[in-house]
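Enquirer: My structure is below; once you've seen it, I'll send some questions.
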Amino acid sequence: MTNLKREKNPYIVDNSMSNWKVVEYLKKWTEFTGRLDVATGYFEIGAFLSLEGDWQKIDNIRILMGNEVTYRTRAALLDFIKRRLNKELEQNIETIKDTRPLLSGLEAIMAGLLSKKIEVRVFDEGKFHAKCYITHERTGFFGPQALVGSSNFTEPGLTDNVELNIHVQAGNDVEELQAWFEHHWDKGKDVSDAVIKIIQKHIRQYSPFEVYAKALHEYCRGDEMTADEWEKSVSKMFNRLDRYQKEAYWSLIKIAHQHSGAFLCDGVGLGKTFVGLMLIERLVVHEKKRVVLLAPKAAREGVWDKHLDEYLAHVKLDGVFSNLVVYNHTDLTRPGMQAQFDQ
């Protein structure tokens, strides 16, 4: 069943036989293949790990993967990379750790991506759900071959799922498939760097101190100071608030947790500035977040700058607000400001 050349053509590869799964088919061709072109709806790092020791024999691997939603702009594509690709590959690597705790094989994948031996693109002009594997044998004796069907380039798609894939011999059919692949590959957006960043986090070598610090952090996790404890014992603003201002502050925190944002719309003279100072202190000091304060120019110069220096001087690092940036609201229209906010 595992000979490269068969009398019967086309033939089926469906993962139902232990010695003739899609992964076995690909392993056989790695002995002869100079380039492998893969079209897949989904891509997982586990696909490479299932071919560990064999995919390295191929000179170039091009992966064209799908995108569930159509994106028309570069910004939207980068958002897709951040949300979907990052999430799915992160989850896949975390799952792999259950059976491969040392994550052996990831270094080779990283090296392949950095050297362009492995290239990954995403097709973002429409829903892309194709599955095709085209092998280009080095000597030209066999000619290009293709496997077309339902197997995604994932470990389950190559090894476990019952799939339906048809082998296509060299000839006009494979040439048409290659032309189809090249057409969509040219339209794809390179996401190799995004895959590299995801893998880098998992193969980074940590120093003994970092391991100790992380272990100590986990050990003491339950002993961390709660927000209530911090307000009563550490905050310099909390005790300056009147009772109704504390209630406004607590309400803002509650609403923000429920709706990812909140507005304070009290009337003039009720101390909205003090409530704002309390929020800034909590976010910067207790929650270690980066905060942007936008204010009208007159209010910034006449109110906020003075009050920040008076009440939140302890938030500064060497005389500078390290995690707090204050802008005039008109700064939003200045060229280049959007890039600063994105950071």
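Enquirer: If I go through segment 50-60 residue by residue, how many of them are closer than 19 Å to Ile198 by Cβ and either touching an Asp or Glu at 6+ places or on another chain (Cβ under 7 Å) or open to solvent by 10 Å² or more (accessible area, probe 1.4 Å) (or both)?
Expert: The qualifying residues number 2.
Enquirer: Does segment 203-212 contain at least one residue that is touching a residue at least 40 places away in the same chain (Cβ under 8 Å), surrounded by 10 or more Cβ atoms within 10 Å (Cβ to Cβ), more than 18 Å from Glu281 (Cα to Cα) and of a type in the set (A, V, I, L, M)?
Expert: yes
Enquirer: Can you find a residue that is within 14 Å of Tyr133 (Cβ to Cβ) and open to solvent by 50 Å² or more (accessible area, probe 1.4 Å) anywhere in segment 180-199?
Expert: Yes, segment 180-199 contains at least one residue that is within 14 Å of Tyr133 (Cβ to Cβ) and open to solvent by 50 Å² or more (accessible area, probe 1.4 Å).
Enquirer: So which residues in segment 129-175 are of a type in the set (Phe, Trp, Tyr) and open to solvent by 10 Å² or more (accessible area, probe 1.4 Å), if there are any at all?
Expert: Correct list: Phe141, Phe142.
Enquirer: Still on this structure, I have one more. Return the residues of segment 220-234 that are open to solvent by 90 Å² or more (accessible area, probe 1.4 Å) and either in contact with an Asp or Glu (Cβ under 6 Å, 6 or more places away or on another chain) or modelled with pLDDT of 85 or more (or both); say none if nothing qualifies.
Expert: Residues satisfying the conditions are Asp228, Glu229, Lys232.
Enquirer: Quick check on Gln245: is it open to solvent by less than 30 Å² (accessible area, probe 1.4 Å), among the polar types (S, T, N, Q), more than 29 Å from the chain's Cα centre (by Cα) and closer than 27 Å to Glu44 by Cα?
Expert: no
Enquirer: Kindly indicate whether any position in segment 79-92 is among the charged types (D, E, K, R), modelled with pLDDT of 85 or more and farther than 15 Å from Gly41 by Cβ.
Expert: Within segment 79-92, none of the residues are among the charged types (D, E, K, R), modelled with pLDDT of 85 or more and farther than 15 Å from Gly41 by Cβ.
The values are calculated or read from the model by the stated rules, or taken from the named source; none is laboratory data. Just so we're clear, the structure is a prediction, and the values are computed from it rather than from any experiment. Neighbour counts are summed over all protein chains in view; Cβ atoms, including those assigned to glycine, are modelled from backbone coordinates with ideal geometry. Keep in mind that these areas ignore ligands, DNA and RNA; they rest on the heavy atoms of the full protein, side chains included. Shrake-Rupley method; radii C 1.70, N 1.55, O 1.52, S 1.80 Å.
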